[in-house]
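A.B. asks: Quick one: structure below, then a few questions.
Quick note: the coordinates plus some simple rules give every number you see, no bench work behind them. The structure displayed is predicted, hence computed values, not measured ones. Glycine also receives a Cβ, built like all others from the backbone with ideal geometry; neighbour counts cover every protein chain displayed.
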Amino acid sequence: MTKYIIRRILTAIPIMIAVVFIIFMLLQVLPGNPISIMMGEKAKPAVIERVSRELGLYDPVLVRFGRYVWNALHGDFGRSYKLNRQVSDLIKLSFPNTVRLAISASLFAWLMGIPAGIISAIKRNKFVDHFVMAIALVGISSPVFWGAMLLQFVFGFKLKLLPLSGYNSYKHMILPAIILGWASAGSIARMVRSNLLEVMKNDYIRTARSKGLKPWAVVYKHALKNSLMPVVTLMAIQFAGMLSGAVITETVFGIGGIGRLTVDAINNRDMPLLQGATIFSTLIIIIGNMAADIMYSFLDPRIRDR
Amino acid sequence: MKKVLEVKNLKTHFFTQKGVVPAVDGVDIEVGAGEVVGIVGESGCGKSVTAMSILQLLQFPGKTVDGEVLLDGEDLLLKSPEEMYKYRGNKISMIFQEPMTSLNPVYTVGKQVAEILRVHTNISKVEARKKVIQMFEKVGIPEPIKRYDAYPHQLSGGLRQRVMIAMAIICDPVLMIADEPTTALDVTIEAQILYLMKQLQKDSGTSIVMITHNLGVVAEVCDRVYVMYAGKVMETTDVFTLFENPLHPYTSGLLNSIPKLTRVDEDLYTIRGIVPNLLNLPEGCRFCPRCDRAMKICTVMEPPLYDVGDGHQVRCFLYDKELMNG
């Protein structure tokens, strides 16, 4: 088991290096001189030339990559051109908001999605099933900005129950959590339902029934754990996705998180910030996947033995 | 002999979109105390559905529509679902064909056997564990303490089937139904498992219904045999008579299609034709289209079960004395 976890962590390292390399290279090929962005359009060519040389921008690309990785390993992702602050500081500042949003949205998604999926599977093809699946479908397919504005209009504007935007109190967290969690609750519910129905066809479910277990015990004790395994992967990846920034939700509700930071960086052509934020998000996704695999092995003894 | 199980006129049908499939169509089975009764027949003849109907484990679209299933005189078909939970695994237990897939992959085998004790008796976890380990020892699982914490994928097919057997006997059931318990195992393991079941049966006196398509298994363990064909019992007799003096043309066909080492120059006998489609059964006797001795009456009327003495019954007009003599 420990061996498995260690191996899983070790395999993540080359992936991380590759991902950082790709992001670095992608931003290299983007058009535009970073110095002219940094210094404004009126800067003299001679000054641009001098600053570029000072910053080592004329060094070969691999040398610059090496320098970047070395600095990044020491927590230095460079300085934002626009905000003139350390990228790492900016990430540190926005990440807690994103974490709060991701946790609240995921909790909503799990607490709604898993029971909804179970109920749907048990009441298969009954009214409850169709009703739950319809709500799930709306959550998955409706655009976040539309749902967000709808909720803001009803709960914030008309009923005045909840604040429209900002992120200062737990009340501020409710609407973003619902809107971001709904889509993921929907896909979780659908996946739980289909997996549960699939697992219920297995021979060991027949065995469980032949042992005299009541139907709910058959579902909770024998079917659920088996059917949740792929769902755990989905949940972990969704959670990691939220941690890497929910761009639209953060923008609509005015939450200063990683997503907003990235969008701002793009708008301002703020290369160091964009690079730092993108790499940070990607690392979160990789870690999320790794966590999913490790969790999977806790649930499935067959993986542990591999 | 005291009768443990009496199945009377059991009818279990499947309500499919193409029509009603009478998988079990008026089956009578009796099992005496301490008796091992075999149900043999080709695939799709209704053996397994009969077993599932006894425990009422069938789900939509299968439904038992008529008949009685008397366990010690009490009709199980009249029991409420709540009452049935107390019978399953406790008074009647079942062993399935595929030991590979019949155990839940995410729980240890010990826990899965202990669960059945915890469901049916007021036993503490520690006590249950002790009892399960004893039972593992009894069914010949080596290193039972270590195996208690093993997951199914860590055990061989033979060991898994031993686990299933432990699960089936741990509550001291009055009846154990074994649905092709050795079909998925190789022959040496099959022999061990059959021997074990016979041994346990002798010790505990539990009656066994052995469902199989393998006449070798029947000869090995059964006292009495029911031969099923297309949802009906065609012949029933004790195991010696079945092999010495099979009466129904289907039974003799089955026996003749066993390969014999002494007949090297002959082709292997097969019963011509195939099992009829249950949605579209032939009129008269169900075996008639494949029967070498079919008569005119066989195509129009379904024969009843004729009693030919000593508990030997056969569903064939050849044994209608009036018809054959007059």
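A.B. asks: Please specify each residue of region A:221-236 satisfying the condition of being under 13 Å from residue A:294 (Cβ atoms) and not polar (S, T, N, Q).
C.D. replies: A:229, A:232, A:236
A.B. asks: Across region A:212-252, which residue is surrounded by the fewest Cβ atoms within 10 Å (Cβ to Cβ) among those that are outside any helix (DSSP H, G or I) and facing chain B (nearest Cβ under 10 Å)? Quick ask: steps written out before the conclusion?
C.D. replies: First, the residues of region A:212-252 that are outside any helix (DSSP H, G or I): A:212-214, A:244-246.
Subsequent filtering for residues that are facing chain B (nearest Cβ under 10 Å) retains A:212-214.
On the way: A:212: 23, A:213: 22, A:214: 14.
Among those residues, the one meeting the criterion is A:214.
A.B. asks: What residue, among those in region B:139-168 that are more than 19 Å from residue B:203 (Cα to Cα), buried (at least 21 other Cβ atoms within 10 Å of the Cβ) and basic (Lys, Arg), is farthest from the other protein chains (Cβ to nearest Cβ)?
C.D. replies: B:147
A.B. asks: Sticking with this structure for a sec: Within region B:127-151, work out how many residues are of a type outside the set (Ser, Thr, Tyr) and assigned to a helix (DSSP H, G or I).
C.D. replies: Residues that pass the stated criteria total 16.
A.B. asks: State whether one or more residues within region B:183-198 are within 14 Å of chain A (Cβ to nearest Cβ) and buried (at least 18 other Cβ atoms within 10 Å of the Cβ).
C.D. replies: yes
A.B. asks: Moving to a separate point now. What tally of residues in region B:80-100 results from selecting those that are of a type outside the set (A, V, I, L, M) and either in contact with an Asp or Glu (Cβ under 7 Å, 6 or more places away or on another chain) or more than 10 Å from chain A (Cβ to nearest Cβ) (or both)?
C.D. replies: Qualifying residue count for the region: 5.
Table: residues versus (1) over 22 Å from residue B:23 (Cβ atoms); (2) in contact (Cβ under 8 Å) with a residue 40 or more places away in the chain; (3) surrounded by 10 or more Cβ atoms within 10 Å (Cβ to Cβ).
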| residue | (1), (2), (3) |
| --- | --- |
| B:262 | yes, no, no |
| B:271 | no, no, yes |
| B:275 | no, yes, yes |
| B:278 | no, yes, yes |
| B:283 | no, no, yes |
| B:287 | no, yes, yes |
| B:292 | yes, yes, no |
| B:298 | yes, no, yes |
| B:304 | no, no, yes |
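A.B. asks: I need the helices (runs of 4 or more DSSP H) fully contained in region A:24-130, keeping only those with at least 2 residues that are farther than 30 Å from residue A:180 by Cα.
C.D. replies: Those helices (runs of 4 or more DSSP H) span A:34-39, A:45-54, A:61-73.
A.B. asks: Please pick out the residue among B:103, B:55, B:77 that is in contact with a strand residue (DSSP E or B) (Cβ under 6 Å, 6 or more places away or on another chain), over 20 Å from residue B:277 (Cα atoms), of a type in the set (A, V, I, L, M) and within 14 Å of chain A (Cβ to nearest Cβ). Even if it seems obvious, please write down each step before you answer.
C.D. replies: On the way: B:103 fails: in contact with a strand residue (DSSP E or B) (Cβ under 6 Å, 6 or more places away or on another chain); B:77 fails: within 14 Å of chain A (Cβ to nearest Cβ).
Result of the check over B:103, B:55, B:77: B:55.
A.B. asks: Residue under question is residue B:48, and the condition is that it be among the hydroxyl-bearing types (Ser, Thr, Tyr), at the interface with chain A (Cβ under 10 Å from one of its Cβ atoms), more than 30 Å from residue A:230 (Cβ to Cβ) and not in a loop (DSSP other than H, G, I, E, B); does it hold?
C.D. replies: no
A.B. asks: Here's a follow-up. Does residue B:110 count as touching a residue at least 40 places away in the same chain (Cβ under 8 Å), at positive phi and surrounded by 17 or more Cβ atoms within 10 Å (Cβ to Cβ)?
C.D. replies: Criteria not met by residue B:110.
A.B. asks: Collect the residues in region A:255-306 that are within 30 Å of residue B:150 (Cβ to Cβ) and without any contact (Cβ under 8 Å) to a residue 40 or more places away in the chain, keeping them in residue-number order.
C.D. replies: Result: A:298, A:301, A:302, A:305.
A.B. asks: Just the residues that are among the hydroxyl-bearing types (Ser, Thr, Tyr) and part of a strand (DSSP E or B), please, taken from region B:186-238. Walk me through it before giving the result.
C.D. replies: To start, the set of residues in region B:186-238 that are among the hydroxyl-bearing types (Ser, Thr, Tyr) comprises B:188, B:195, B:204, B:206-207, B:212, B:226, B:229, B:236-237.
Across region B:186-238, the qualifying residues are B:207, B:212, B:226, B:229, B:236, B:237.
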